[in-house]
């Protein structure tokens with residue numbers, strides 16, 4: 001274990017990892033019984049990159065997340081009560097029940113940019129814009145842009161990386177490679193073994209790491225973020241992870257067989273939560289009793305969030321046209337165009 005990782009850091013990583021996992025499992029459960037409308041785009045199995053990287057961030061840093069985002073939001077400081085309420089379409093949610101599962105967006109006070117479902121094409125350029133603004137203001141802020149292996153092939157991503165290199169922007173590009181873009185394997189969409197190799201073509205550095213090892217992700221991210229903060233420019237970090245469930249919650253019903261059971265079971269044997277738990281116990285950083293206590297506290301938090309969301313009210317029908325504009329403009333009706 002890295003000697004600079006104290007017990008508080010390690011337990012913080014584990015708690016965020018466990019909380020992200022239980023949140024992910026709970027929303028699948030609630031979706032299956034109809035309490036969360038629409039499909040769930042599960043991130044179960046993919047928690048380590050979001051936790052490890054976001055735990056290494058400073059308060060002023062900005063995260064631009066993907067649609068498989070619970071770990072990214074939770075670790076950066078979002079409140080799971082308001083996340084759960086948003087997923088359940090309640091007025092007490094972060095977006096008053098209008099964003100739902102795909103567009104749950106905490107405010108910028110948490111250092112989280114709005115979430116949207118246009119994979120990579122919308123948010124990666126926005127991350128570069130935020131990074132450019134920070135540089136022009138001489139701020140020490142780093143912007144982290146998450147996207148997946150599918151999004152890696154979007155033209156806007158290439159253009160954004162080129163821009164980031166030209167202007168030496170303080171942005172960390174994170175390719176959270178779960179190895180499938182819906183049902184297309186990454187091996188069928190790129191000849192590169194490691195997508196981080198693309199960084200060299202833009203003129204900055206990149207590396208690929210195990211996306212299931214939260215401790216190593218944290219250590220690696222901390223070093224990269226320090227480099228970016230000190231003016232060394234952008235960096236591309238590829239984390240090879242895996243989603244245990246399908247692309248969306250209805251996939252099992254369609255019986256799509258694009259992954260073998262053996263492949264899924266192999267990756268489940270490398271569950272990031274279990275790997276972290278065993279690491280902390282084996283290295284005697286935490287006792288298993290201490291880890292069990294963290295698990296119980298996480299379960300209490302999840303139950304409280306569900307109860308908060310269940311007892312919250314749905315938005316009024318008349319609220320549908322509220323919040324349509326960030327700024328009120330003269331001549332635009334309060335309730336939208338008729």
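The values are calculated or read from the model by the stated rules, or taken from the named source; none is laboratory data. Worth saying up front: this structure is predicted, and the values here are computed from it rather than measured. Cβ placement follows ideal geometry from the backbone for every residue including glycine, while neighbour counts extend to all protein chains displayed.
Taking residues in region 235-246 that are over 22 Å from residue 220 (Cα atoms), and partners anywhere that are modelled with pLDDT under 95 and in a strand (DSSP E or B), not one pair has Cβ atoms closer than 7 Å while being at least 6 places apart or on different chains. Between 164, 120, 152, the distinction of being assigned to a loop (DSSP other than H, G, I, E, B) and touching a strand residue (DSSP E or B) at 6+ places or on another chain (Cβ under 6 Å) belongs to 120 only.
Each row is one residue, and each column tells you yes or no for (1) free of Cβ contacts under 8 Å to residues at least 60 places away in the same chain; (2) surrounded by 12 or more Cβ atoms within 10 Å (Cβ to Cβ); (3) within 16 Å of residue 98 (Cα to Cα).
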| residue | (1), (2), (3) |
| --- | --- |
| 277 | no, yes, no |
| 282 | yes, no, no |
| 291 | no, yes, no |
| 305 | no, yes, no |
| 322 | no, yes, yes |
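Looking at the structure I just gave you, is residue 203 under 20 Å from the mean Cα position of the chain (by Cα) and at pLDDT 95 or above? Here the answer is no, as residue 203 does not meet what is asked.
Each residue in region 1-49 was checked for being on the phi > 0 side of the Ramachandran plot and either part of a helix (DSSP H, G or I) or crowded, with 23+ Cβ neighbours inside 10 Å (or both), and 1 pass. Every condition in (1) closer than 27 Å to residue 314 by Cβ; (2) in a helix (DSSP H, G or I); (3) under 18 Å from the mean Cα position of the chain (by Cα); (4) in contact (Cβ under 8 Å) with a residue 24 or more places away in the chain holds for residue 109 except the one numbered (4).
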